[in-house]
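First the structure, in the form of structure tokens, and then the observations on it.
The values are calculated or read from the model by the stated rules, or taken from the named source; none is laboratory data. Model, not experiment: these values are computed from the prediction. Don't worry about glycine lacking a Cβ; one is built from the backbone with ideal geometry, like all the others, and counts go over all protein chains shown. With ligands, DNA and RNA removed, areas are computed over all heavy atoms of the protein, side chains included. Shrake-Rupley method; radii C 1.70, N 1.55, O 1.52, S 1.80 Å.
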Amino acid sequence: MCRLCGSGAPLSSCPTRRDYLGLAGTASAEAAAATFSGSTAAQDAAAATLPNGIGEAGRKVLIKGGAVLSVDDSVGNFAVGDVLIDGNLIAEVGANIDAPDAVVIDASGKIVMPGFIDTHHHQFETALRGVLADAILINDGRPESEYNYYEKMLQTFSMVYRPEDVYINELFGSIAQLDDGVTTVMDVSQIHHSPEHSDAAIEGLRDAGRRSVFGYFEGWGDNAKYPEDARRIKAEHFASDDQLITMVMGGEIYLPGYEKSWDIGRELGLPIALHVVGTFGMQETFDALGAAGKFGPDNIFIHMTGMSDTGWNYAADAGAHISLSVPIEMHMRHGAPPIQKAIDHGLRPSLSTDVECTMTADAFTQMRSMVTLQRMFANELALAGQDYPTLLTAMDAIRSATIEGARGLKLEKKTGSLTPGKEADIILLDAEALNVAPLNHVPGAVVTLMERTNVDTVFVAGKIRKWRGTLMGFDLARLRRELEASRDYLFKAAGIEQDLFRH
């Protein structure tokens with residue numbers, strides 16, 4: 001049962017608890033269609049096309065005949081290949097797998113690859129999508145900068161969130177990225193105004209059925225228990241490593257007392273994530289921490305814009321991870337995305353979407369932005385007759401969007417590639433669609449041609465979350481109404497007029 005089941009809404013069914021795997025190819029699908037209506041009709045129709053036997057205990061699943069992009073050099077790629085799933089794990093990847101008792105999914109015309117990984121996403125802002133489409137990070141005094149991120153989002157909107165707002169925003173944002181093929185996220189929820197807010201965020205992530213890293217960052221007000229509540233949260237929600245959701249400690253160095261959050265994070269054995277943005281004047285503090293030997297491989301540095309070469313050297317020497325949000329960094333004046341800086345220091349960054357109040361959380365947009373921006377700078381040097389760095393390739397972008405993200409979140413043993421023994425976080429992308437066909441280059445098709453509508457099927461830990469273009473298991477109409485109600489409350493409580501054409 002989710003938080004919305006007892007909300008008093010007219011629909012009595014749980015909007016996040018529809019299990020279609022037992023309905024596949026049976027008359028039960030027709031029964032489900034009679035029980036559910038509205039946004040669930042397409043799901044009912046899709047459920048009837050699931051292969052017979054899928055979801056049965058002990059039955060393996062064979063994804064057969066696709067173009068397999070493993071993102072694992074030891075496994076290799078296959079122009080026509082198969083992936084065998086046993087329970088929640090990848091059992092085998094090869095050119096022609098013999099599994100006579102397995103349920104077969106025909107992947108002809110599809111690219112089969114690991115799901116995308118978003119290493120930094122403020123999902124609590126989902127109801128405020130597009131509100132700050134023209135915004136920069138901090139008010140620079142110009143009239144057009146009145147609607148800036150720091151004042152309007154962090155100091156106004158975020159202050160009025162209730163736990164129920166946190167829940168629906170987290171849930172809806174997670175579901176939307178499942179539709180986009182993003183099977184793993186690090187949620188940076190700077191909304192921990194009380195333990196109830198923290199629990200609501202975790203419940204939203206859990207009920208989406210996606211692999212998530214709960215980022216425990218700051219909150220505000222008399223009921224905020226950050227960072228000390230990390231101990232309770234870990235004990236109650238993350239006592240086991242054998243679950244879809246794990247935990248990261250937020251440790252923002254622009255906040256007074258950040259040292260305590262770092263100490264607690266390391267006490268609990270958690271990675272420590274933080275925004276590192278020159279716009280906020282962090283360079284001096286960052287360099288001092290590096291000089292004091294405070295950095296480690298447990299650090300996740302988000303953005304890294306405007307940092308000194310000395311700071312970069314400290315980060316590289318410590319084996320820290322870098323998460324880049326290329327479109328947002330360009331758009332909101334964080335500073336030039338340091339793609340080449342990271343590469344030059346031997347660091348392979350991951351990609352992250354950041355804030356949907358300003359920019360889409362689409363993985364394809366992130367990959368294209370990374371490649372085109374790095375190549376633009378390199379090509380300008382080439383045209384000027386100067387030495388230039390190696391041009392990024394489509395495969396480089398895919399690695400940043402998959403295995404590098406897994407490494408950054410300390411999940412590389414579970415996800416990020418199609419490697420036997422890892423959990424089956426797998427996406428099938430439609431390579432026969434109008435915007436892709438005919439397929440001539442698999443990485444190029446993914447990065448330079450595709451978008452959300454090409455995401456055909458999504459597995460998370462061996463379970464189908466999207467099937468043949470249809471998200472499965474959610475009453476989307478009901479959830480959208482709940483999200484809209486949250487949006488209306490947030491505008492009213494924040495004292496901001498809703499204007500669809502605001503500049």
- line: Cα-Cα pairs in the range 172-244 separated by more than 18 Å, as a whole percent of all pairs, come to 38 percent
field: DSSP beta bridges in the range 39-124 [antiparallel fraction, %, rounded to 5]
entry: 65 percent
- request: Evaluate the Kirkwood expression for the hydrodynamic radius of the range 44-144, namely the inverse of the mean inverse distance over all pairs of different C-alpha atoms, and round to one decimal in Å.
  value: 17.2 Å
- request: Using just the helices of the chain, give the 222 nm mean residue ellipticity in deg cm²/dmol: DSSP H runs with n ≥ 4 each add -39,500 (n - 2.57), and the total is spread over all residues, rounded to 500.
  value: -9000 deg cm²/dmol
- prompt: Can you give the accessible area of THR358, probe radius 1.4 Å, in Å² rounded to 10?
  reply: 10 Å²
- prompt: For the range 107-168, what are the per-bin percents of Cα-Cα distances with bins 10 Å wide, up to the bin holding the maximum?
  reply: 18, 36, 23, 14, 9, 1
query: Largest first, how would LEU479, LEU244 line up by accessible area (1.4 Å probe)?
result: LEU244, LEU479
- line: In whole percent, the Cα-Cα distances of the range 405-444 spread across 10 Å bins from 0 upward as 26, 34, 29, 11
task: Quick one: which residues, 5 or more positions from GLU356 or on another chain, have an amide H under 5 Å from its amide H? H modelled 1.01 Å from N in the peptide plane, none for Pro or chain starts.
output: HIS122
- line: HN-Hα couplings for the range 325-334 via Karplus (6.51, -1.76, 1.60; θ = phi - 60°), in whole Hz with x for Gly/Pro, come out as 10, 4, x, 5, 4, 5, 7, 9, 6, 5
field: Assigned charges on the beta-carbon of Lys, Arg, Asp, Glu; the chain dipole about Cα centre (debye)
entry: 600 debye
message: Could you tell me the extents of the range 375-491's C-alpha atoms along the three principal axes, largest first, rounded to whole Å?
response: 58, 45, 36
field: Cα-Cα P(r), the range 441-493, percent of pairs per 10 Å interval
entry: 20, 28, 29, 19, 4, 0
- line: Relative to the compact-globule estimate 2.2 N^0.38 Å (N residues), the Cα gyration radius of the chain stands at a ratio of 0.96
query: Under 5 Å between amide H atoms, partner at least 5 residues away or on a different chain: which partners does VAL213 have, H built in plane at 1.01 Å?
result: VAL185, MET186, ASP187, THR246
- request: Taking a cut-off of 17 Å between Cα atoms, list the lysines near LYS492, but don't count ones fewer than 8 places away on the same chain.
  value: LYS152
task: Using the structure shown, list the pairs from LYS64/LYS414; LYS60/LYS463; LYS225/LYS294; LYS64/LYS466 with a Cα-Cα distance above 20 Å, or answer none.
output: LYS64/LYS414; LYS225/LYS294
- prompt: Given H placed 1.01 Å from N in the peptide plane, which residues other than close sequence neighbours of ASP456 have an amide H under 5 Å from its amide H?
  reply: LEU428, LEU429, ASP430
message: Please list ASP101, ASP118, ASP106 from largest to smallest accessible area, probe radius 1.4 Å, with all protein chains kept in place.
response: ASP101, ASP106, ASP118
- prompt: In square angstrom, what is the accessible area per residue of the chain with a 1.4 angstrom probe?
  reply: 39 Å²
query: Just going by the charge dipole of the chain, with Lys and Arg at +1 and Asp and Glu at -1 on Cβ, which of GLY115, ALA95, GLN190 is farthest out on the positive end?
result: ALA95
- prompt: Ordered by packing density, taken as the mean number of other Cβ atoms within 10 Å over each peptide's residues, highest first, how do 338-345, 411-418 rank?
  reply: 411-418, 338-345
- prompt: Roughly how large, in nm² to one decimal, is the mean projection of the convex hull of the alpha-carbon atoms in the range 208-272?
  reply: 4.9 nm²
- request: Give me the accessible area of HIS121, 1.4 Å probe, in Å² rounded to the nearest 10.
  value: 0 Å²
Per residue, the convex hull volume that the Cα atoms of the range 249-396 enclose (Å³): 122 Å³
- request: Arrange the residues ASP430, ASP82, ASP317 by how much accessible surface each exposes, largest first, with a 1.4 angstrom probe.
  value: ASP317, ASP430, ASP82
- prompt: So what's the convex hull volume per residue for the Cα atoms of the range 121-267, in Å³?
  reply: 114 Å³
